[in-house]
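Engineer: The following block contains the structure, expressed as structure tokens.
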Amino acid sequence: MSRMSSNYRFSIFVLSLMFGGWVAAQETLTLDECRQRALAANRGLKRAEAKREQTAALEKVALWQMLPKVSANGAYNWTEKTVNLLSEEQKERLEGMGDDLEGDIDRALHDEFSNLNLGTLNIGDAIADRLSNVVANTGLGDRVNGIGKEIVGASTTDTRQVGFAAVTLTQPLYMGGKLLAAYRTARLADALSGVEYDKRREETLIAVDEAYWQVVSVKHKKLLAEQYAALLDTLEHNVQLSVEADVATKGDLARVRVKRNEAQMNLTKATNGLILAKMLLAQRCGMPLDSDFEVSGEWRVESGEWGVENGEWRAENGEWGVESGEWRTESGEWGVESMDGVFERRHELQMLRIADSMAREGVRLAASTLKPNIGITGGYLVSNPNVFNGYKNEWGGTWMAGVAVNVPLLHPGGVYAVKAAKAKRREVAYQMEEAREMIELQVHKLSAELELAYKKLDEAQSNMVQAEENLRLADESFKAGMCSSSDLMMAQTAWLEAKTEVVDTRIEIEMDKVYLRQATGRKL
């Protein structure tokens, strides 16, 4: 055993001298570095961040719905024809109504005085002509014609070019509560996006932790495969010498070579598995898939043997477990201190609590359709043509203010909308109850699994010590000719299995700790 270890260490020393420059150039990544790279490169996390920005902006949009809005509006329109309030016949009659009036007066005077006679002398026509001349001399017809022309001019509009502009202020006073409900819903949506971001971040960290510890696991299994192959190489050499000395048979040598070939195949698989595991870790860290790196070698104790650092895996009382009090209750049983704290921290329940609040606002929003809406408006309007003082082709303006009220009288759809919103809230409440039960079950299950993993590690460590001692004794017995090569190979296989079990159990503990921290809502 000591000879094999010396040969193996010498080979590693030679390889380190040959490829020392290449190894030095490799980047060594710790778990924290992998986590930071994964957080910076994860596209899903970037989408979650963009969603947070979106919901934060929508919250401000909902807030501004309750505040006054000031808007400016304007329009210009050209038409081929203008608007005429009077027909051409009416215009002619208005423009000539003075002449028509004088003619009517003249006829009326002649009709009135036509029968006035003085003896045989008819003086009625003379009087009528005289009076008609008096009326004509007054200019009554011309003045009336002028008035008619003014009326025609005033009624003639030039609407071929029309423009207006207005600045309006609108302020909702009471909208049945829908604006406040919409704002609260937007705030809750912003809070929900924040929880979703944290949950996505947690999932990203768990994914990179899994990939990291997978690399560590395969890395150490590859090392074990190399050590096992070196053991069989040494055994093959010794059996070959025994065959030449007629101490062993060729069948013994054939069995050793078959086992050595299996070991070489397993080493090849471990090498390929390490390449694939590194590719997965590189992908989750946002690095090129062909990146050349090593993971931090934090598995050695001071003695130089493969293991964890002193105290890293032991509690204060020296037993295998996590730090004292971290996962134990006051009674000493495995678990968490308080499930209420777990329920408060778990992202799933946080999201359901927000969903319950959003459902409550949904009820208020649905009920608002059955309530009156009141708003006020005000502003200033200018237009051309100006019709505020006659009709003029110039700009003129006026202030305006108003109140708008809408009262729903018959709205059965709103009643059913309220019922649907209340049913939605009850659904969320049932989901929350179910989630609490599942989370409590998950926490206790993972706590039990972690405790079991530590017990398995104790057993695996004990088995490994026994397997190493058994291998040492078998190696000495084989050299002394007291046991066969098959017995030695069985001891070597048991040693490999014990070492592999230690690696698997410790990786299991690492991941169980991560999963339990996630289950209890603790920060990863």
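The values are calculated or read from the model by the stated rules, or taken from the named source; none is laboratory data. In this text the structure is predicted, and so the values were computed from the model without any measurement. Please note: Cβ atoms are built from the backbone with ideal geometry, for glycine as well, and neighbour counts cover all protein chains shown. Just so you know, the surface numbers come from the protein's heavy atoms only, side chains and all, with ligands and any DNA or RNA stripped out. Shrake-Rupley method; radii C 1.70, N 1.55, O 1.52, S 1.80 Å.
Engineer: Residue check, ALA282 against (1) hydrophobic (A, V, I, L, M, F, W, C); (2) in contact (Cβ under 8 Å) with a residue 40 or more places away in the chain; (3) in contact with a strand residue (DSSP E or B) (Cβ under 9 Å, 6 or more places away or on another chain), all met but one. Which one?
Structural biologist: Status for ALA282: all satisfied but (2).
Engineer: When you scan the range 444-502, how many residues do you find that are at negative phi and not in a helix (DSSP H, G or I)? Explain how you work it out, then say what you get.
Structural biologist: Applying the first criterion (at negative phi) to the range 444-502 yields 444-480, 482-502.
From what is left, the residues that are not in a helix (DSSP H, G or I) are 480, 482-484.
Residues in the range 444-502 being at negative phi and not in a helix (DSSP H, G or I): 4 in total.
Engineer: Out of all the residues in the range 161-211, which are at positive phi and either modelled with pLDDT of 95 or more or open to solvent by 30 Å² or more (accessible area, probe 1.4 Å) (or both)?
Structural biologist: Looking only at the range 161-211, we keep the residues that are at positive phi, and these are 176-177.
Once the filter is applied, which keeps residues that are at positive phi and either modelled with pLDDT of 95 or more or open to solvent by 30 Å² or more (accessible area, probe 1.4 Å) (or both), the range 161-211 yields only GLY177.
Engineer: Can you list residue pairs whose Cβ atoms sit under 9 Å apart, with the first residue in the range 437-449 being without any contact (Cβ under 8 Å) to a residue 24 or more places away in the chain and the second being in a helix (DSSP H, G or I)? Count only pairs 6 or more apart in sequence or on different chains.
Structural biologist: Filtered contacts from the range 437-449: MET438/GLU348; LYS445/ALA519.
Engineer: Looking at ALA165 and the list (1) farther than 30 Å from GLY414 by Cα; (2) assigned to a helix (DSSP H, G or I); (3) not acidic (Asp, Glu), which single condition is not satisfied?
Structural biologist: ALA165 satisfies all of (1) farther than 30 Å from GLY414 by Cα; (2) assigned to a helix (DSSP H, G or I); (3) not acidic (Asp, Glu) except (2).
Engineer: Tell me yes or no: at least one residue of the range 497-513 is open to solvent by 70 Å² or more (accessible area, probe 1.4 Å), more than 49 Å from the chain's Cα centre (by Cα) and within 30 Å of THR249 (Cα to Cα).
Structural biologist: Of all residues in the range 497-513, those open to solvent by 70 Å² or more (accessible area, probe 1.4 Å) come to 497, 501.
When the remaining residues are screened for being more than 49 Å from the chain's Cα centre (by Cα), the result is none.
No: the range 497-513 contains no residue that is open to solvent by 70 Å² or more (accessible area, probe 1.4 Å), more than 49 Å from the chain's Cα centre (by Cα) and within 30 Å of THR249 (Cα to Cα).
Engineer: Oh, and also: Just checking, which of TYR174, TYR212 is hydroxyl-bearing (Ser, Thr, Tyr) and within 30 Å of ILE376 (Cα to Cα)? Working first, answer last.
Structural biologist: Working: TYR212 fails: within 30 Å of ILE376 (Cα to Cα).
Residue meeting the stated conditions: TYR174.
Engineer: Another question, if that's okay. Go through the range 362-380 and report how many residues are open to solvent by 50 Å² or more (accessible area, probe 1.4 Å), of a type outside the set (S, T, N, Q) and assigned to a strand (DSSP E or B).
Structural biologist: 3
Engineer: Considering only residues that are free of Cβ contacts under 8 Å to residues at least 60 places away in the same chain and open to solvent by less than 70 Å² (accessible area, probe 1.4 Å), look in the range 412-431 and name the one that is farthest from ALA359 (Cα to Cα).
Structural biologist: Once the filter is applied, the top-ranked residue is GLY413.
Engineer: For the range 384-403, check the following and say yes or no: at least one residue is over 30 Å from ARG160 (Cα atoms) and of a type in the set (Gly, Ala, Ser). Show your work before the answer.
Structural biologist: We begin by selecting, within the range 384-403, every residue over 30 Å from ARG160 (Cα atoms); these are 402-403.
With of a type in the set (Gly, Ala, Ser) added as a condition, the list becomes 402.
Scanning the range 384-403 turns up at least one residue that is over 30 Å from ARG160 (Cα atoms) and of a type in the set (Gly, Ala, Ser).
Engineer: If you check LEU67, LEU45, which single one turns out to be of a type in the set (A, V, I, L, M), closer than 30 Å to LEU289 by Cβ and at pLDDT 75 or above? Spell out how you get there, then give the answer.
Structural biologist: Numbers: LEU67 fails: closer than 30 Å to LEU289 by Cβ.
So the residue among LEU67, LEU45 that is of a type in the set (A, V, I, L, M), closer than 30 Å to LEU289 by Cβ and at pLDDT 75 or above is LEU45.
Listed here are the residues, each with its yes/no results for (1) open to solvent by less than 30 Å² (accessible area, probe 1.4 Å); (2) at pLDDT 50 or above.
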position	(1), (2)
ALA263	yes, yes
ILE275	no, yes
GLY286	no, yes
ARG300	no, no
SER303	no, no
GLY311	no, no
GLU323	no, no
GLY332	no, no
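Engineer: Scan the range 51-61 and tell me whether some residue there is surrounded by 11 or more Cβ atoms within 10 Å (Cβ to Cβ), within 30 Å of GLN214 (Cβ to Cβ) and among the acidic types (Asp, Glu).
Structural biologist: No, the range 51-61 contains no residue that is surrounded by 11 or more Cβ atoms within 10 Å (Cβ to Cβ), within 30 Å of GLN214 (Cβ to Cβ) and among the acidic types (Asp, Glu).
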